[in-house]
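Every read-out reported here was derived from the displayed coordinates using simple, explicitly stated rules and does not represent laboratory data. Keep in mind it's a predicted model, so treat the numbers as computed, not measured. With ideal geometry, Cβ positions are generated from the backbone for all residues, glycine too; neighbour counts draw on all protein chains shown.
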Amino acid sequence: MPAKIGNGPEGKKPASAATNLIAGGTAGMMEALVCHPLDTVKVRMQLSRRARTPGAPKRGFIATGAEIVRKETPLGLYKGLGAVVTGIVPKMAIRFTSFEAYKKFLADDTGHVNGRGLFLAGLAAGVTEAVAVVTPMEVIKIRLQAQHHSMADPLDIPKYRNAAHALYTVVKEEGIGALYRGISLTALRQGSNQAVNFTAYTKFKEILQQWQPQYADSSIPSYQTTIIGLVSGAMGPLSNAPIDTIKTRLQKTPGQPGETALSRITNIARDMFNRQEGFHAFYKGITPRIMRVAPGQAVTFTVYEFLKTKLESSSVPFVGGKYEE
C-alpha cells in the first residue's frame, strides 16, 4: 500500500512546522546526549593512522573508547557535543518538515506516495539538512573530537577550546568556506541515509499497522517504533560507510592552496586504499557508527512520534492554533 500524505498510511495532515521544531528538536537532543560518545569513538577510528605502521595492532571500538577515557577522562567522549547540540534543533526541524513537504510534492492526485517517492523525499530531505545545518556543524564537531588533549589537565590547552571558539578560529584562519568543506560528501551521506531510513521506517510502520488494524488510525506502540527505528537506522551506515570515512578525513584537516575538493577526495581515497588497509580502510569505525546511528534513529523516531502525538492532541494554541500550517 503506498503511503499517504501525513505520517504513514493513515493519511493524517502533515505535522506543522511548530510540531516538527518541538518534537524533532527534543528527539535530536535526546539522541545526541545518549549516542555522542559512540560518534567520538567512530571519528577517532576513522582518523586513525595505525594501519600505516607494519605490524601495529588494530584497535577496535572498545579499546579506542577505553583509551580516550584513560587519557582524556570520560568527558573526552563528549568532545564536540556543543556543536551537535547547537545544530540539532534546526537539523531535526528541517529534516521532518522538508520530508513532509517533499512527500506532498511527490504525491499523486489521490495523495498517495509510492516507494520511489518516499526514497526521493528522504534523499531530498537529507541533502537539505546537509546544506543548511549538518556540514558546518560536523566540521566543528570533528575538529573538536580530533583533539587528543586531557580535559582533566588545565595545562593541556587544546587549539579549539569549545564549539564557539572552534567556529571563530576556523573562520578566521581558513575562511567561511572551510565550514562547508566536504559538503558534497556530507550531502551524499545524509541524502542516502535519510532516503534509506525514511523509506524503510515508513514501510515497516505500514506493515505493522496492516497487521494490527487497531492502530490503523493512530500511532503504533512506542516499543514497536523503537524496534523499526533501530532496524531502519542501521541500514544507512551500511550503504554509505566509505563516504562517511572519506568525509571525516576531508573535514579534519585544512585545505592546501590550489587543491580542489575533487583532488582532495581522490587523494584521500587513494591514500587510504594504497597505504593503509585496502578496501577495509573505508569501513573504519563502521561498528561504532552503526551502534551510534541505529540507536540514535530509534531514540529519534520514538521521541518524535510520542511528542508529535501529544502536541497534535493538545489544545495549546502555539501548536493547534494560529501557528498551525
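The residue list Met272, Ile140, Asn193 was ranked by how far each Cα lies along the charge dipole of the chain toward its positive end, using unit charges on Cβ atoms, and Met272 comes out on top. Here the peptides 300-308, 59-67 are ranked by packing, the mean other Cβ count within 10 Å, and the order with the highest first is 300-308, 59-67. Between Arg70, Arg95, Arg264, the GNM of the chain built on Cα springs shorter than 10 angstrom shows Arg70 fluctuating the most. For the peptides 189-198, 210-219, 106-115, the ranking by packing is 189-198, 106-115, 210-219, with the highest mean count of neighbouring Cβ atoms within 10 Å listed first.
Within the listed set Glu129, Glu174, Glu259, the residue fluctuating most in the Gaussian network model of the chain (springs between alpha-carbon atoms under 10 angstrom) is Glu259. With helices as the sole contributors, the chain gives -21000 deg cm²/dmol at 222 nm; each DSSP H run of n ≥ 4 counts as -39500 (n - 2.57), and the sum is divided by every residue. Against the chain, whose longest principal axis comes from its Cα atoms, helix 286-313 is set at around 30 degrees. In a simple Cβ point-charge model (Lys, Arg +1; Asp, Glu -1; nothing else charged), the chain has a dipole of about 1080 debye relative to its Cα centre. Basic side chains Lys and Arg get +1 at the Cβ, acidic Asp and Glu get -1 at the Cβ, and with that the dipole of segment 165-313 about its Cα centre reaches some 340 debye.
Computed from backbone phi, the HN-Hα couplings of segment 124-134 come to 5, 5, x, 5, 4, 5, 5, 6, 6, 9, 5 Hz, rounded to whole numbers (Karplus: 6.51 cos²θ - 1.76 cosθ + 1.60, θ = phi - 60°; Gly and Pro given as x). How big, in percent, is the set of alpha carbon pairs in the chain lying more than 36 Å apart? Of the Cα pairs, 22 percent sit more than 36 Å apart.
Angle, helix 183-211 long axis vs. longest principal axis of the chain, Cα atoms, 0 to 90°, nearest 10? Result, in degrees: 40.
Take the Cα of Ser218, step 7 Å toward its Cβ, do the same at Val85, and the gap between the two points is 3.6 nm. The slack between Asn274 and His148, meaning 0.36 nm per residue of separation minus the straight C-alpha distance, is 42.7 nm.
Relative to the dominant Cα principal axis of the chain, helix 163-174 is inclined by about 60°.
Computed from the C-beta positions of Phe306 and Arg116, the FRET efficiency with R₀ = 25 Å rounds to 0.25. Mean-square fluctuation check for the chain, GNM, Cα pairs under 10 Å: which of Ile268, Ile220, Ile157 is largest? Largest GNM mean-square fluctuation: Ile157.
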